[in-house]
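K.L.:
Here it is: the structure, laid out below.
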Amino acid sequence: MAEITGGELLVRCLHAEGIGHIHAITDGTYMMVIEALERLGDELGIQLIVPRHEAAAAHACDAYTRCTGEPAVVMACAGPGAANLIAGLMCAEAEGSPVVAITTTRRSDISDSYIHQGGMQVSRHLDIFKAALKWSGKADHWHRIPDMVRHAFRVATAGRPGPTHILIPEDILNERNEESGVQIWAPEKSRVTTGLPADPVALAQAAELLEAADFVNIHCGNGAERASAGNTVRELAEYLGAAVTHTIRARGIVPDEHALVFHPTCLSRIMANSQANVVLAVGSRLGELNMWGRPPMFGDADQQQLIQIDIEPTHMGLNRPVDVALVGDADAVLSQLLEAVKSRTPKRNPHPKIAELRAVQDDWQKELDDAVADMDRAPMLTGQILKVCNDFFPDDAVMVMDGGNTTLWSIHYHVARAQRSVIYSMNYGHLGSGLPYAIGAKLARPEKPVYCVTGDSAFGFNLQELETAVRHRLPVIVIVAVDGAYGMEKSAQRRAFGREAEWFGHDHAPVRYDQVGVAMGCHGEFVEKGSQIQPALERALNSGKPAVIHARVDPEANVEPPGLWLWVAARTGKIEM
């Protein structure tokens, strides 16, 4: 057998795990990885994606995992490259995304163990990364690279998914040894790759509760989306006549327009959560944006029973008592539960409360629609961007939200029609993730349109990645709602000061983002009326290029976006019904 470098061994291990892209800025500490990709990339089906910033690369991987349900890989060099990864990995950890990070360190004789002696670009990677990861480890020997890769993927995909990290010194990657000295295994040989079912006894208890319940609410979170459980959620809800609610992250798990689905920021959702006899929480910890699963958003635990489905046992009863805990993959467990319910009770009509909730939501929707009806007003309202996008893009298009008040407009006006079609940093609210998310989504789903609605503040964090999209021929469309300020911070300032004032430190200098895009090789458009958006989208799509649409929005209206009250209530723990 021929000798191979540690770099080639690493690439072959990643190939065995089904990896099709490695996101990395080329660096001297892993030249043997780059050499192996140059020589073997086409044969192994692995493409090198070179970003302009490592955090953006981690965000792109995060989005890729959400679109596909599969792990993704990002690499970074010793010292500064690894440091840049931290923000992206912390976001992936918060969202439960199986991103495998691989960083290099200088050669072993001057690496982290000897940092006190002053080596250049030497840092304590394992310590620095610890808080952002499920697991981190170091490959000290060439022949341990396969073991470390297997374990990184094993931990990243086990239970609640999340990011992991392997540290490899450059001399280990440069080292040559006989390929026969190691074994590379397929994923099914080294980790669980199928959805885990629930305990039969607990399953029977849950079915009994659902059979006896008058009004059931199925509430879906991240875990339902990760398991692609939407079709089973819908079937169970239709069988029980139950109301379906979901977190912002799980939008599209069942289409928003389904008669049993109630919007996460409408009072109808709170009514469903609080008035149900039994809540079936699917893949949700019932965290802060769910008011911890407690009154007044949910019912009192003494009067409302909770069945919780989660792949992670430690999420059970985390924020309120649980009556039945079903540990397992959300879709696998729901399928079991559906069969158990069908064997116990006939199909039910939608509960009478459904009509009451629908009337509340219809009134709420009319208010929203009336507010954006004038498509010739200038500057436009951010909600008008979303209304046009709903009609322009197909149902399975991937829509990316970024942070800030633009997100609140997006949540209210975007209609989610398919699972895994909405990508947002819900648990971290990370500004600037939008464009990298769009890049990762387009890599994952090249056959689908991918568009991002972002604010000018959020866009400014990673707009350099437009060049990445151009270079890799990824025709994402970015619509930038430009109010010339940190809009959400203006909202906070108004609440904190309780008065009108000159905004302190929140206004931006004027920037034409469409022209920035053109300068980087993108298609650019400038719009200031809702009626101008569709023609701009048509030209952007027909250009075949990444596109930037600068949309001038009303800055005053942006200080008080729809749903701000609910956002504040969830963050403060105080909600008035």
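K.L.:
Rounded to the nearest 500, what is the chain's calculated 222 nm mean residue ellipticity when only DSSP H runs of at least 4 contribute -39500 (n - 2.57) each, over all residues?
P.N.:
Value at 222 nm, helices only, nearest 500: -12000 deg cm²/dmol.
K.L.:
Once the dipole of the chain is set up with Lys and Arg at +1 and Asp and Glu at -1 on Cβ about the Cα centre, which of HIS15, ALA397, ALA250 lies farthest towards its positive end?
P.N.:
Checking the options against the dipole of the chain, the answer is ALA250.
K.L.:
Tell me, how many Å apart are the Cα centres for the range 1-27 and for the range 404-451?
P.N.:
So the separation of the two Cα centres works out to 30 Å.
K.L.:
What whole-number volume per residue, in cubic angstrom, does the convex hull of the C-alpha atoms of the range 397-449 give?
P.N.:
Cα-based convex hull of the range 397-449, divided per residue, equals 78 Å³.
K.L.:
About its Cα centre, what dipole magnitude does the chain give when the only charges are +1 on Lys and Arg Cβ and -1 on Asp and Glu Cβ, stated in debye to the nearest 20?
P.N.:
Its charge dipole is roughly 340 debye.
K.L.:
Please compute the Cα-Cα pair-distance distribution of the chain with 10 Å bins starting at 0, giving whole percents from short to long.
P.N.:
4, 17, 26, 24, 19, 9, 2, 0
K.L.:
Pairwise over distinct Cα atoms, reciprocal of the mean inverse distance: report the Kirkwood radius of the range 297-350 in Å, one decimal place.
P.N.:
12.7 Å
K.L.:
At a Förster radius of 51 Å, what calculated FRET efficiency corresponds to the Cβ-Cβ distance of GLU208 and ASP396, to the nearest 0.05?
P.N.:
Efficiency, rounded to the nearest 0.05: 0.85.
K.L.:
At a Förster distance of 51 Å, what's the computed FRET efficiency of LYS342 paired with ALA509, Cβ-Cβ distance as r, to 0.05?
P.N.:
Between LYS342 and ALA509 the formula returns 0.25.
K.L.:
What ratio of Cα Rg to 2.2 N^0.38 Å holds for the range 200-357?
P.N.:
Taking the Cα Rg and dividing by 2.2 N^0.38 Å, one obtains 0.90.
K.L.:
Using C-alpha positions alone, give me the convex hull volume of the range 1-85 per residue in cubic angstrom.
P.N.:
89 Å³
K.L.:
Could you compute Rg(Cα) / (2.2 N^0.38 Å) for the range 372-572, with N its residue count?
P.N.:
For the range 372-572, the normalised Cα radius of gyration is 0.96.
K.L.:
Continuing with this model, one more query. Under a point spin-label approximation (7 Å from Cα along Cα-to-Cβ), what is the ARG154-ARG377 distance to one decimal in nm?
P.N.:
With each label placed 7 Å out from Cα toward Cβ, I get 5.9 nm.
K.L.:
Between their Cα atoms, which of LYS347/LYS574; LYS138/LYS189; LYS387/LYS490; LYS353/LYS574 are more than 28 Å away from each other?
P.N.:
Listed pairs above 28 Å: LYS347/LYS574.
K.L.:
In addition: Debye calculation, C-alpha points only, no solvent: report log10 I(q)/I(0) for the range 3-189 at q = 0.15, 0.17 Å⁻¹, in the same order as the q values.
P.N.:
Each listed q corresponds, in turn, to -0.79, -1.05.
No lab work stands behind these numbers, since they all come straight from the coordinates. Keep in mind the model is a prediction, meaning the values are calculated, not measured. All Cβ positions, even for glycine, are placed from backbone atoms using ideal geometry, and neighbour counts span all protein chains on display.
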